[in-house]
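Working notes for the structure below.
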Amino acid sequence: MIKLGITGGIGSGKSTVSEIFSLCGVPVYIADIESKRLVATSPIIREKLIQLFGDELYDGNVLNKALLASHIFNDKEKLETVNAIIHPEVGKDFNRWLQRHSLCKIVAHEAAILFESGFDKMMDKVVMVYTPLEVRIQRTMLRDNLPREKVVERIQNQMPDEEKLKLSDFVIVNDNTKSLIEQVTTVLEQLDN
Ligand code: ADP
């Protein structure tokens, strides 16, 4: 089995590219969705987050997402502590998911913070979705209905594209000059060889 990491900054088109891999028959584990599910449901994460932030973080079984966000907003150290609680559980969940897909030749793991979280080390190859900055800003403003400053702030909090490019095995350019389907197909052909 080949494990392919899919990464790229906010608004680069990771989800769009993952969708295409999925349509080509490659199951994709979407770390962002699964980690949110785990934060809401995992008793291990729940216990550790309560130790850190107190009982009021959960209302019964329901996580107070706004409260969690307010605790980690602009606090890098807290964010790292929370990530150190969540990432190992995502790793375990991904391993269980891999077992359920053990007959697949290629599987993928999509994460905006693939390198930052260390999940790249679990991958055999990594593909980065690269999109010029201004296009990313425009697409994200439109998708999330956010003002430009907020989008730029989020982009500035992520690893720069140049660093991601150096660490990636393949690059898919999503600026409408090249077909995404063709680029995904090329990556799959190269993985097959
Ligand atoms: P990411 O998951 O990297 O944040 P998305 O896949 O959600 O990015 O793409 C960001 C936005 O841009 C979405 O609204 C998506 O529909 C749009 N988008 C992605 N690729 C293209 C493209 N090639 N042309 C036009 N819009 C695109």
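The values are calculated or read from the model by the stated rules, or taken from the named source; none is laboratory data. Here the structure is a predicted model, which is why all the values come from computation and not from measurement. Backbone-built Cβ (ideal geometry, glycine too); neighbour counts: all protein chains shown. Remember, those area values only see protein heavy atoms, side chains included, never the ligands or the DNA or RNA. Shrake-Rupley method; radii C 1.70, N 1.55, O 1.52, S 1.80 Å.
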For the range 4-40: of the residues being under 14 Å from Lys105 (Cβ atoms) and open to solvent by 50 Å² or more (accessible area, probe 1.4 Å), which is nearest to the ligand (Cβ to nearest atom)? Cys24
Can you run down the residue pairs with Cβ atoms below 8 Å, 6 or more apart or on separate chains, where the first is in the range 152-177 and within 17 Å of Ser18 (Cβ to Cβ) and the partner is open to solvent by 70 Å² or more (accessible area, probe 1.4 Å) and assigned to a helix (DSSP H, G or I)? Phe170/Gln190; Asn174/Thr16
Using the structure shown, decide if Glu77 is under 22 Å from Ile44 (Cβ atoms), in the same structural domain as Ile50 (by TED's automatic domain parsing), without any contact (Cβ under 8 Å) to a residue 12 or more places away in the chain and not in a strand (DSSP E or B). yes
From Glu153, Glu162, Glu182, grab the single residue that is among the charged types (D, E, K, R), away from the ligand (no atom under 13 Å from the Cβ) and under 25 Å from Lys3 (Cβ atoms). Glu162
Determine, yes or no, whether Leu114 is touching a Ser or Thr at 6+ places or on another chain (Cβ under 7 Å), in the same structural domain as Gly11 (by TED's automatic domain parsing) and buried (at least 18 other Cβ atoms within 10 Å of the Cβ). yes
Here are Ile2, Ile72: which of them is hydrophobic (A, V, I, L, M, F, W, C) and under 25 Å from Met123 (Cβ atoms)? Ile2
Checklist (1) open to solvent by less than 70 Å² (accessible area, probe 1.4 Å); (2) within 16 Å of the ligand (Cβ to nearest atom) applied to Met123, failing item: (2)
Inside the range 143-168, the number of residues satisfying the requirement of being of a type in the set (Lys, Arg), open to solvent by less than 100 Å² (accessible area, probe 1.4 Å) and under 24 Å from Asp120 (Cα atoms) is 1
Residue, surrounded by the fewest Cβ atoms within 10 Å (Cβ to Cβ), within the range 43-87, restricted to residues that are farther than 30 Å from Gln156 by Cβ and small (Gly, Ala, Ser): Gly60
